[in-house]
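Worksheet for the structure shown next.
The values are calculated or read from the model by the stated rules, or taken from the named source; none is laboratory data. Just so it is clear, the structure is predicted and the values come from calculations on it, not from any experiment. Don't worry about glycine lacking a Cβ; one is built from the backbone with ideal geometry, like all the others, and counts go over all protein chains shown. Protein only, heavy atoms only, side chains kept; ligands, DNA and RNA dropped before computing areas. Shrake-Rupley method; radii C 1.70, N 1.55, O 1.52, S 1.80 Å.
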Amino acid sequence: MKTYLVPVDFSETSINAAKFAAALSHQTDVKQIILLNAYYVSPYETMLPNPDMVLLREEEIEENAADRIRKLEHIKHKLTKLVKPGVEITTHLNRSHLLRAVVENAVSKHADIVIMGIKGNSSMGDTQVGGHVIKISKASPVPVVVVPTGYHFEGVKRVVVACDFKKVTETIPLGALKRLLNKKQYELLVVNIDKEAKHIQQDAEQIAEETALHRMLKEFHPQYFYLYKPDIINGILEFAAAQDAQIVIALPHKYSFFQSLLHNSVSQQLAEAAAVPVLLLK
């Protein structure tokens, strides 16, 4: 994890996510943190007047862009006091929609992870919870960390990995997980919401998947937990809170219950309930 990409729209939530990235640098090998602001102006806004019959002038657009750059530099200055010595902080104003800006910069700047707040982060100032997280989580070529509003980072010691124990050898991105956990002294808790109580029933297929997962994660010496709750998302988040975990790693693939994170209603639920950051692993 050498490069963090942090979308910033100057909301308190996005600035808090940037502070989270700075604090996290002390536990990782990050070399660069990129603060990204997306500023898109439709050509029609400069050609046609708005409902108030006001036409957006090119001078106003450039002034707004310059103001955004100044704000980025101000945040950068504050973060330099929080990051690990030697970490470079850069700023970038992208003249496109947020989604395109994040995806293009993740690729062109070789970002390893995107860190963003649970709301805000919109080039149009829209702070509706969920919409941006859903779109970026789907499109991002790298893992995405979603930081709850007001979360205060105190270091990662205990990590919860949420897994549905279905086709684990085919669907768990083991390489990405190993890169994330490599050489770090984290206490790893693997949790499965087992609504059908297959673990208790000693279901043959379930046992086979559990055995495969135990073999895959053996080097990290994890603890395994099984929760029998109908509400999957809240079950995971409540477990993380009860275990005093500092981050939840979700494995979003087509068999995973965390696929539901890509729907508005559950993303709203996550925003309201999450007490710790959630990392959507690719």
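Taking first residues from segment 211-226 that are closer than 15 Å to C163 by Cα and in contact (Cβ under 8 Å) with a residue 40 or more places away in the chain and partners that are of a type in the set (S, T, N, Q) and open to solvent by 40 Å² or more (accessible area, probe 1.4 Å), the Cβ contacts under 6 Å between residues at least 6 apart in sequence or on separate chains come to A212/T169. Restricting attention to segment 163-186, does a residue exist that is open to solvent by less than 10 Å² (accessible area, probe 1.4 Å) and at pLDDT 80 or above? Checking segment 163-186: not a single residue is open to solvent by less than 10 Å² (accessible area, probe 1.4 Å) and at pLDDT 80 or above. Residues that are farther than 14 Å from L98 by Cβ, at pLDDT 80 or above, surrounded by fewer than 17 Cβ atoms within 10 Å (Cβ to Cβ) and basic (K, R): does segment 22-37 have at least one? Within segment 22-37, one or more residues are farther than 14 Å from L98 by Cβ, at pLDDT 80 or above, surrounded by fewer than 17 Cβ atoms within 10 Å (Cβ to Cβ) and basic (K, R). If you go through segment 187-211 and keep only what is modelled with pLDDT under 75 and among the small types (G, A, S), you end up with A197, A204.
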